[in-house]
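Only one structure is covered here, and it is reproduced in the block below.
The values are calculated or read from the model by the stated rules, or taken from the named source; none is laboratory data. Small disclaimer: the values here were computed from a predicted structure and weren't measured. Glycine gets a Cβ as well: all are built from the backbone with ideal geometry, and neighbour counts include every protein chain shown.
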Amino acid sequence: MMRLLVLVILMLGFGTQLLAAAGAPPVSEEFGLLRERMVSRFAGRVPREWGETVTGVRTRIKNATDKVIALTFDACGSSSGKGFDASLVAFLEREQVPATLFMSGRWIEANPELFKRLAGTSLFEIANHGDRHRPASVVGRKAYGIDGTRDVGELVDEIELNARRIAATTGKRPGFYRSGTAHYDEVAVEVAAALDQQVAGFSVLGDAGATFSAEQVRKALLQAPPGAVALLHMNHPGSGTAAGVMAAIPELKRRGFRFVRLSELPLE
């Protein structure tokens, strides 16, 4: 109810420093105007695609011939996904393996001090996993039983509020966005681009939403081709993700792979 009230006030053009969600930076009249512009710009657009690899989603490193791989870890923040895999992150830090961490607003709200610590580590870059971890739709499509954003206005809230939350702490606006569930329609991808957010998909399903066993995670990563973007999770400490990653990385290094953050090389 409070979130709806704030957005109504913004659309009417009143107020300059109202909070849109717990833990979010102040929302200004400028935000309301941005939202209004996006709604007007994409009015009447009917999406034709729905899924993880719709038009505009970047899934791999462009023209990769060298043995490079980008590890990405989602922190979703659902009722069962607000945890932190400390052993996984400690391993990455110890082995100096860079990675891109996609954090939702819900996870950040549940783990504010961890967020600040990880955001202050140059080994990692922080990316946008949406304010409420919702599928990116302009017509309310669902994925895995999770309601997507119902229209362009809600999608702008989902992307922009968390981008500003991250920027307020890190001093740097995230350049990459991955929706909750990694599902989109192609119009939603265009909206993200209009908000200067590059939509980052994946080419290697690393842990299937933290449901893979350690051996399945290891095998998935060892099958990664040059230029792969691997999708894993950092918010399920009881899963097989950490053990699988720990088993795979030494072998990938032995094979000559190097690890990069998404911002280091262009995606396609």
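Residue by residue through region 59-90, note down the ones that are among the aliphatic types (A, V, I, L, M), assigned to a strand (DSSP E or B) and within 20 Å of Ser104 (Cα to Cα). Explain how you work it out, then say what you get.
Of the residues in region 59-90, the ones among the aliphatic types (A, V, I, L, M) are 61, 64, 68-71, 75, 86, 88-90.
This time we only want the ones that are assigned to a strand (DSSP E or B), so: 61, 68-71, 75.
Those that are among the aliphatic types (A, V, I, L, M), assigned to a strand (DSSP E or B) and within 20 Å of Ser104 (Cα to Cα): Ala70, Leu71, Ala75.
Checking the conditions here, which among Thr121, Thr100, Thr149 is touching a Lys or Arg at 6+ places or on another chain (Cβ under 8 Å) and more than 26 Å from Gly32 (Cα to Cα)? Before the answer, list the steps.
On the way: Thr121 fails: touching a Lys or Arg at 6+ places or on another chain (Cβ under 8 Å); Thr149 fails: more than 26 Å from Gly32 (Cα to Cα).
Residue meeting the stated conditions: Thr100.
In this structure, does Leu10 turn out to be modelled with pLDDT under 95, in contact with a Gly (Cβ under 7 Å, 6 or more places away or on another chain) and assigned to a helix (DSSP H, G or I)?
Values: modelled with pLDDT under 95: yes; in contact with a Gly (Cβ under 7 Å, 6 or more places away or on another chain): yes; assigned to a helix (DSSP H, G or I): yes.
The answer is yes for Leu10.
Residues of region 53-90 being more than 20 Å from Gly201 (Cα to Cα) and of a type in the set (Lys, Arg), which ones?
Lys82
Taking Ala119, is it in contact with a strand residue (DSSP E or B) (Cβ under 7 Å, 6 or more places away or on another chain) and under 18 Å from Gln197 (Cβ atoms)?
On the way: in contact with a strand residue (DSSP E or B) (Cβ under 7 Å, 6 or more places away or on another chain): yes; under 18 Å from Gln197 (Cβ atoms): yes.
Here the answer is yes, as Ala119 does meet what is asked.
In this structure, does Asp147 turn out to be among the charged types (D, E, K, R), modelled with pLDDT of 95 or more and surrounded by 23 or more Cβ atoms within 10 Å (Cβ to Cβ)?
It is false that Asp147 is among the charged types (D, E, K, R), modelled with pLDDT of 95 or more and surrounded by 23 or more Cβ atoms within 10 Å (Cβ to Cβ).
Kindly indicate the residue of region 91-109 that is in a loop (DSSP other than H, G, I, E, B) and not hydroxyl-bearing (Ser, Thr, Tyr) and also surrounded by the fewest Cβ atoms within 10 Å (Cβ to Cβ) among those meeting that condition.
Going residue by residue through region 91-109, those that are in a loop (DSSP other than H, G, I, E, B) are 95-98, 104.
Imposing the further condition that a residue be not hydroxyl-bearing (Ser, Thr, Tyr) reduces the set to 95-98.
On the way: Glu95: 14, Gln96: 8, Val97: 18, Pro98: 18.
This residue is Gln96.
With the requirement that a residue be among the polar types (S, T, N, Q) and either in a loop (DSSP other than H, G, I, E, B) or closer than 15 Å to Lys62 by Cα (or both), what does region 198-230 give you?
Correct list: Gln198, Ser203, Thr211, Ser213, Gln223.
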